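The values are calculated or read from the model by the stated rules, or taken from the named source; none is laboratory data. Every value quoted in this text rests on a predicted model; they were computed, and no experiment measured them. Cβ atoms come from the backbone with ideal geometry, glycine included; neighbour counts cover every protein chain shown.
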Amino acid sequence: MAIFRRKIHLVVVLAAALSFIGFGLVPAAAAPTFHTIYSFNGVLHDGFSPEGGLAIDGSGNLFGTTYGGGSTNYGTVYELSPNGSTWNYQVLYSFCSAGCSNDGSSPQAAVVVDVNGNLWGTTSAGGAHGHGLIFKLHNSGSSWMLTDMYDFCPTPDANGYCDDGDNNNGFAGAGLSYAGAASGSLYDGTSKLYGVTALGGTANFGVVFRFNPGGSPAYKVLYQFCTTFGNCADGAVPLGAVTVDSSGNLFGTTSERGAADGALGTVYELTSGSPYWSETTLYTFCCSGLAYRPNQGGVPEAGLIFDASGNILGTTTRGGSYNNRSDGAGVEFKLTPSSVITVNKFCKDVSDLDCTNNGSFPANGAGMVRDASSNLYGEVTGDGTLPDVGRIFKISAATGSLSTIYTFCPSGTCTSTDGKKPNGGLVADSSGNFYGTTENGGANSGGTIFKITP
């Protein structure tokens, strides 16, 4: 799908006016239903602070990670299984139980489920060199066993940088991806996995990597940011997961730099090459300070999604302010072969016109998801003047307009059981329900897992 080869110019098209204001209002006659299906204890044992999103298998079982908690307080991998009208929760694995150098610690990203029920993922710390690892979990029958598949940073360079990538960087991880992930197919367990690290590489501005189970070499850096171009015209610090198209090309975002003074990130494409893949910067978000373009957005931190026409859809965490603010609160964009970006704006405070409708700061790491009618859904982590509260939004396929379908902490005090700060993205089941996590809040202040039916 290498369709964005020519230079892209920016045309801003504001979406249809928003007409649905306030909590729980949606275009359809029936309001969405929201349920908290699990609240983490906020202490040890079951884990707490699920920073990554969820994965779902063919039976509707949900899998995820927590950053903390578990038997050693270094995080967990868990499963939540439907059981009639209730859900059964179990910790599958507690990290650092075999020593952090052997099994890693502090996972921040979602796991990948393969067709055999194995789970694949990354940790942000631990491993043989302290910079995280790639792991595989399999069910031995009596327990879940972890295999350390690759340890990041075996040989730091003279500057202390990890040429192969550095997963120990304090950012919520983007997680692994694979061909077929965008269509909802389970991972086949043998083909290549792809990922990014926000740091590492020769310039320490991040890499895109490939992991090939059973291959030689199993791990390979495909691209290092800010090494080919001294001014980082190709971008820097990739935070969002990559998307693999049907031709095996990779698409993603960087959250910093680009081909302009004060650039605020890029959209890129990688195509196969040797020794490194070839990078094409499809778009540069620009710029900070006086040169800032208020409608355009900047600092994309999430993954991308394609629509049926091959257009690229995504979000930025900054920009889009109505009052020419130099920060803004993010936009939804569409990058098309005819060089058009369509923008929905999120807003930051009550001085911006649509703040009470949209919330602010789209979630990082995970991108938007699509339903069977091509409507888009996603999360924001702010709610106007309230940081780290959050909403779930919908972008109508028919009108392109953006509306809130759920607001967390509706009382404003965040003492409710629904949680706050949804940041891991949404996954859908075969019935059209969506599931996600909140990092904080809930009945025990350790975060939640929720289900919403639009």
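Quick check, is ALA233 out of contact with any Phe, Trp or Tyr (no Cβ under 8 Å at 6 or more places or on another chain) and either surrounded by fewer than 21 Cβ atoms within 10 Å (Cβ to Cβ) or closer than 27 Å to ASP371 by Cβ (or both)? Spelling it out, ALA233 is indeed out of contact with any Phe, Trp or Tyr (no Cβ under 8 Å at 6 or more places or on another chain) and either surrounded by fewer than 21 Cβ atoms within 10 Å (Cβ to Cβ) or closer than 27 Å to ASP371 by Cβ (or both). Would you be able to say whether some residue in segment 39-62 is over 24 Å from the mean Cα position of the chain (by Cα), closer than 21 Å to PHE393 by Cα and modelled with pLDDT under 90? Within segment 39-62 (the criterion being over 24 Å from the mean Cα position of the chain (by Cα), closer than 21 Å to PHE393 by Cα and modelled with pLDDT under 90), the answer is no, since none of the residues qualifies. Just one residue in the set ALA110, ALA98, ALA128 is in a loop (DSSP other than H, G, I, E, B), in contact with a helix residue (DSSP H, G or I) (Cβ under 8 Å, 6 or more places away or on another chain) and either within 26 Å of PRO213 (Cα to Cα) or small (Gly, Ala, Ser) (or both); that residue is ALA128.
Only residues that are part of a loop (DSSP other than H, G, I, E, B) and in contact (Cβ under 8 Å) with a residue 12 or more places away in the chain were counted in segment 142-155, giving 3. Strands (runs of 3 or more DSSP E) fully within segment 187-239 that include at least 3 residues being within 23 Å of GLN108 (Cα to Cα) and within 19 Å of the chain's Cα centre (by Cα): 193-197, 207-211.
Go through segment 173-186 residue by residue and tally those that are part of a loop (DSSP other than H, G, I, E, B) and either at negative phi or surrounded by 15 or more Cβ atoms within 10 Å (Cβ to Cβ) (or both).
Restricting attention to segment 173-186, the residues satisfying the condition of being part of a loop (DSSP other than H, G, I, E, B) are 173-176, 178-180, 184-186.
Next, only the ones that are either at negative phi or surrounded by 15 or more Cβ atoms within 10 Å (Cβ to Cβ) (or both) stay: 173-176, 178-179, 185-186.
So the count comes out to 8.
Any chance you could count how many residues in segment 379-411 are outside any loop (DSSP other than H, G, I, E, B), at pLDDT below 80 and crowded, with 19+ Cβ neighbours inside 10 Å? Count: 2. Scanning segment 31-71 for residues that are acidic (Asp, Glu) and either within 21 Å of PHE408 (Cα to Cα) or buried (at least 23 other Cβ atoms within 10 Å of the Cβ) (or both) yields a single hit, GLU51.
Scanning segment 245-300 for residues that are hydrophobic (A, V, I, L, M, F, W, C) and more than 26 Å from ASP164 (Cα to Cα), which turns out modelled with the lowest pLDDT? Reasoning before the result, please.
Going through segment 245-300, the residues hydrophobic (A, V, I, L, M, F, W, C) turn out to be 250-251, 259-260, 263-264, 267, 270, 277, 282, 285-287, 290-291, 299.
Right, trim to more than 26 Å from ASP164 (Cα to Cα) and you get 260, 285-287, 290-291.
Details: ALA260: 78, PHE285: 86, CYS286: 79, CYS287: 70, LEU290: 41, ALA291: 47.
Of everything passing the filter in segment 245-300, LEU290 is modelled with the lowest pLDDT.
When ILE305, ILE312 are screened for being modelled with pLDDT of 85 or more and touching a helix residue (DSSP H, G or I) at 6+ places or on another chain (Cβ under 8 Å), only ILE305 passes. Of the residues making up segment 63-117, just one is within 18 Å of HIS45 (Cα to Cα), β-branched (Val, Ile, Thr) and over 24 Å from the mean Cα position of the chain (by Cα), namely THR72.
Just one residue in the set GLY132, GLY99 is without any contact (Cβ under 8 Å) to a residue 24 or more places away in the chain and small (Gly, Ala, Ser); that residue is GLY99.
Would you check if there is a residue in segment 246-259 being under 18 Å from the mean Cα position of the chain (by Cα), of a type outside the set (Gly, Ala, Ser) and under 24 Å from LEU186 (Cβ atoms)?
We begin by selecting, within segment 246-259, every residue under 18 Å from the mean Cα position of the chain (by Cα); these are 250-256.
Narrowing the set further to residues that are of a type outside the set (Gly, Ala, Ser) leaves 250-251, 253-254, 256.
If we keep only those that are under 24 Å from LEU186 (Cβ atoms) too, we end up with 250-251.
Yes - at least one qualifying residue is present in segment 246-259.
If the condition is being within 16 Å of LEU137 (Cα to Cα) and not in a strand (DSSP E or B), then segment 71-91 contributes only GLY75.
In this structure, does GLY252 turn out to be farther than 18 Å from PHE152 by Cβ, out of contact with any helix residue (DSSP H, G or I) (no Cβ under 9 Å at 6 or more places or on another chain) and buried (at least 19 other Cβ atoms within 10 Å of the Cβ)? Write out each step before concluding.
Values: farther than 18 Å from PHE152 by Cβ: yes; out of contact with any helix residue (DSSP H, G or I) (no Cβ under 9 Å at 6 or more places or on another chain): yes; buried (at least 19 other Cβ atoms within 10 Å of the Cβ): yes.
For GLY252, the condition - farther than 18 Å from PHE152 by Cβ, out of contact with any helix residue (DSSP H, G or I) (no Cβ under 9 Å at 6 or more places or on another chain) and buried (at least 19 other Cβ atoms within 10 Å of the Cβ) - is met.
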